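Here's the structure, in C-alpha cells; my notes come after.
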Amino acid sequence: MTKQTEPAIHPFLYNNEWKESATGNTVDIYSPDNGNLVGSVPAMSQDEVNDAVNLTADVQENWAATEVHERSDLLHRWADELDSMADEIGAMIQLEVGKTFSSAKSEVKRTAQLIRHTAEEGLRTHGSFIQGDAFPGASRSTKAMVQKVPHGVVLAISPFNYPVNLAASKIAPALVTGNTVVFKPATQGAISGILMVKALVKAGLPKGVLNIVTGRGSVIGDFVVTHDKLDMITFTGGTATGQHIAKQASMIPVVLELGGKDPAIVLSDADLKKAAKEIVGGAFSYSGQRCTAIKRVMVMNDVADELAEEIRSHVANLKVGYSTDDADIIPMIDQKSADFVTALIDDAKAKGATVVHTGAHEKNLLSPTVLDHVTEDMDVAWEEQFGPVLPIMRVESELEAIDLEKRNEYGLQASIFTTDMETAFTLSERMNVGTVQINGKTSRGPDHFPFLGVKNSGQGVQGIGRSIDSMLRDKVIVLNL
Ligand code: NAP
Ligand code: G3H
C-alpha cells in the first residue's frame, strides 16, 4: 500500500504558518523497515522554541474565553479531517515507525473516535457549589463556587509508537478545556504528528492556539520543559525521560505515562488455550513496542509445560517480515533497541534460560523469542524489553507471583488468567498496578477507561474523562452574603 514519497523537510507550525528553521538545521528520519530517508523536520533553535511558547501563552486567555461548544465543534471537525486523511497519515506512520498500513490506519481512525468522544465529554465538564455551614463556625451565607479552569499553556510530548494517537489524546483534552498547546512530537513519528496537526489547521484551528516544536528531545527538551510560560506538562515515553522531565518541571503539574513490565499471571485452573492466545497477542503486537505489552509470564509450575507449548504454537504462526508484507513481527524502531533486546536474550541464555521459540535476527528485524525457566538473576526478568521477546517465569504459588510483581519497579498493568473469579479479585486487590485485566491481555483501551501507571510507570491518570480532568484546576470564588 505504501508508496515512498520524495523525502522532504516537513515544516513546524507557528501561528498557523508552516515554517522551516532560520538556522537551516534539520533532523533526518529513517524508515525502520529499510533504512531509507523518509524526510526531515526542522531542528528548531532555542529562540524559535521560545517564540513558540510565548505565542502559545499570548493567545491562551482569548482561547479560554471562547465558548466550550465552539471548542468542542473544532474537535469534531478535526476528527472528520483525520478520517478523510486516514490513508495519507496511515501511510506516513507506516514509513516513519514501521507499523503495517492497516494498523497505522487503525491508529488514525481510533484517534478520530477518541477526539469525538473528548469533544462530547468536554461539554459535560462542571464545577460545583459548596455551602459553608458544613464546617463549624461557618454559616450557610458563605458559599463557594468551585469553577473548573484551564491550567493555561500545556506542553504535550508524545512517543514514537503511537505518533498520532498518543499526541491527540493529550492535545484534544487540552484544547477542549481552554488550554493552548505546545506540541513536541517524538522525532521518529514527527512527520505523522505534523500531518495530524495539518488536519487540525484544516478544521479551523485559530492562530497560535497550537504550535509545534521539532528537534531532538535531548537537545531542546530541557529548554522547553523549563520555560517559565508553561503551566502543565503531559508526557508519554520512557521512564528515565519522564523522571528527568518531572525533576526539571519543578512546580507545575506533570502527567506521566511511562514504561511497564506487565505480567501475565496464569493460575492452574486457567483456560490455557485462551490464556496463550491473549498472551501472544499482548506480547508481540507491534513487535512488543507498546508500554502495555505483556512483558513477562508468571505461570504455576503444574501447568507451565502445557502453557509454554500453547504459547510456542501461536508464536510459530506469527509472520516475520516488514510492514509492507503486513507481517506480525516487524523491524524494531532502530538498531539500538534491537541490540538491547538481543543482549537481554543472550544474558538469559547464558544464565540458563531455555529457548522455546526463536528464529533469525537480521539487523533490527528480530524473530519472536520465547524464553522459559527465566529466573530472577536474569535481566529480562526485570528490564522493560520493549521488543519481541517473552520471558516465562515458573512459580510455585500465587503469593510468589504477587511477590515478583511487587518487587519490580513498574506498575502499569497486569493480567490474571483463572476461572475462579474470587481468586481473580483477591489477587487484583493485592497488585500494585494501575489496571488489572482478568482473563484478557493488557491494553489501554477502550479509550474512555482510566489509564494510569503507579511506581515508575507514571503519575496522574489519562483516558478521555481523566485526561480532561487533568487539564483543569479548581478556581474558587467565595460569596460572603
Ligand atoms: P522516549 O525516548 O522517552 O521519548 C519520548 C518523548 O520524549 C519523545 O518526544 C522524545 O523526543 C522526548 N524527549 C526525549 N528527551 C527529552 C527531554 N530531555 N526533555 C523533553 N522531551 C524529551 O520514549 P520513546 O522511545 O519514544 O518510547 C518508548 C518508551 O516509552 C518505552 O519505555 C515505553 O514503555 C514508553 N511508553 C509508555 C507509554 C504509556 O502510556 N505508559 C506509551 C508509549 C510509550 P525525541 O524523539 O526527539 O527524542
Ligand atoms: O504504548 C503505550 C500505549 O499507551 C499502549 O496502548 O494498549 O492501545 O496498545 P495500547
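The values are calculated or read from the model by the stated rules, or taken from the named source; none is laboratory data. Keep in mind that this is a model prediction, so the values were computed, not measured. Here the Cβ is made from the backbone with ideal geometry for all residues, glycine too, and neighbour counts use every protein chain on show.
Taking the condition among the β-branched types (Val, Ile, Thr), over 18 Å from the mean Cα position of the chain (by Cα) and closer than 21 Å to Arg290 by Cα, does Ile477 pass?
Values: among the β-branched types (Val, Ile, Thr): yes; over 18 Å from the mean Cα position of the chain (by Cα): yes; closer than 21 Å to Arg290 by Cα: no.
Against the criterion (among the β-branched types (Val, Ile, Thr), over 18 Å from the mean Cα position of the chain (by Cα) and closer than 21 Å to Arg290 by Cα), Ile477 does not qualify.
Check region 256-269 and report whether any residue there is farther than 20 Å from Gly411 by Cβ, touching a helix residue (DSSP H, G or I) at 6+ places or on another chain (Cβ under 9 Å), polar (S, T, N, Q) and in the same structural domain as Phe223 (by TED's automatic domain parsing). So that I can check it myself, show each step before the final result.
Taking region 256-269 and keeping what is farther than 20 Å from Gly411 by Cβ, we get 267-269.
Now drop any that are not touching a helix residue (DSSP H, G or I) at 6+ places or on another chain (Cβ under 9 Å), which leaves 267-269.
Among the residues that remain, those that are also polar (S, T, N, Q) are: 268.
After this cut, where a residue has to be in the same structural domain as Phe223 (by TED's automatic domain parsing) as well, the list is none.
No; the residues of region 256-269 include none that is farther than 20 Å from Gly411 by Cβ, touching a helix residue (DSSP H, G or I) at 6+ places or on another chain (Cβ under 9 Å), polar (S, T, N, Q) and in the same structural domain as Phe223 (by TED's automatic domain parsing).
Would you check which residues across region 32-49 are more than 26 Å from the chain's Cα centre (by Cα) and surrounded by 14 or more Cβ atoms within 10 Å (Cβ to Cβ) and list them?
Across region 32-49, the qualifying residues are Ser45, Glu48.
Taking the options Lys274, Lys295, name whichever one is basic (Lys, Arg), within 13 Å of ligand 1 (Cβ to nearest atom), under 20 Å from Arg444 (Cα atoms) and in contact (Cβ under 8 Å) with a residue 40 or more places away in the chain.
Numbers: Lys274 fails: within 13 Å of ligand 1 (Cβ to nearest atom).
Just one listed residue meets the conditions, Lys295.
Residues that are at pLDDT 95 or above, closer than 30 Å to Asn25 by Cβ and not in a helix (DSSP H, G or I): does region 57-74 have at least one?
Of region 57-74, the ones at pLDDT 95 or above are 57-74.
Narrowing further to those that are closer than 30 Å to Asn25 by Cβ: 57-60.
Now drop any that are not not in a helix (DSSP H, G or I), which leaves 59.
Yes, some residue in region 57-74 is at pLDDT 95 or above, closer than 30 Å to Asn25 by Cβ and not in a helix (DSSP H, G or I).
Please determine, by comparing only the residues of region 249-260 that are more than 7 Å from ligand 1 (Cβ to nearest atom) and in contact with a Ser or Thr (Cβ under 9 Å, 6 or more places away or on another chain), which one is farthest from Pro173 (Cα to Cα).
The extreme case among them is Ser250.
Looking at the structure I just gave you, is Leu390 touching a residue at least 60 places away in the same chain (Cβ under 8 Å), in contact with an Asp or Glu (Cβ under 9 Å, 6 or more places away or on another chain) and among the hydrophobic types (A, V, I, L, M, F, W, C)? Walk me through it before giving the result.
Numbers: touching a residue at least 60 places away in the same chain (Cβ under 8 Å): yes; in contact with an Asp or Glu (Cβ under 9 Å, 6 or more places away or on another chain): no; among the hydrophobic types (A, V, I, L, M, F, W, C): yes.
Judged against the criteria, Leu390 is not a match.
For region 7-48, how many residues are of a type in the set (Lys, Arg) and at positive phi? Before you say what the answer is, go through the steps one by one.
To start, the set of residues in region 7-48 that are of a type in the set (Lys, Arg) comprises 19.
Then keep just the ones that are at positive phi; that gives none.
Going through region 7-48 one residue at a time, the tally reaches 0.
Please find, among Asp326, Asp271, the residue that is farther than 25 Å from Pro450 by Cα, away from ligand 2 (no atom under 14 Å from the Cβ) and out of contact with any strand residue (DSSP E or B) (no Cβ under 9 Å at 6 or more places or on another chain).
Values: Asp271 fails: out of contact with any strand residue (DSSP E or B) (no Cβ under 9 Å at 6 or more places or on another chain).
Every option except Asp326 fails the conditions.
Conditions: (1) more than 16 Å from ligand 2 (Cβ to nearest atom); (2) at negative phi; (3) crowded, with 19+ Cβ neighbours inside 10 Å. Lys261 meets all but one. Number of the miss?
(1)
Can you confirm whether Thr241 is surrounded by 18 or more Cβ atoms within 10 Å (Cβ to Cβ), within 13 Å of ligand 2 (Cβ to nearest atom) and closer than 26 Å to Leu95 by Cβ? Lay out the reasoning, then the answer.
Details: surrounded by 18 or more Cβ atoms within 10 Å (Cβ to Cβ): yes; within 13 Å of ligand 2 (Cβ to nearest atom): no; closer than 26 Å to Leu95 by Cβ: yes.
Considered against the rule, which asks whether it is surrounded by 18 or more Cβ atoms within 10 Å (Cβ to Cβ), within 13 Å of ligand 2 (Cβ to nearest atom) and closer than 26 Å to Leu95 by Cβ, Thr241 comes out as no.
Could you check how many residues of region 299-324 are among the aliphatic types (A, V, I, L, M) and without any contact (Cβ under 8 Å) to a residue 40 or more places away in the chain?
Keep residues of region 299-324 that are among the aliphatic types (A, V, I, L, M), which gives 299-300, 303-304, 307-308, 311, 315-316, 318, 320.
Pick out the ones that are also without any contact (Cβ under 8 Å) to a residue 40 or more places away in the chain and you get 303.
So the count comes out to 1.
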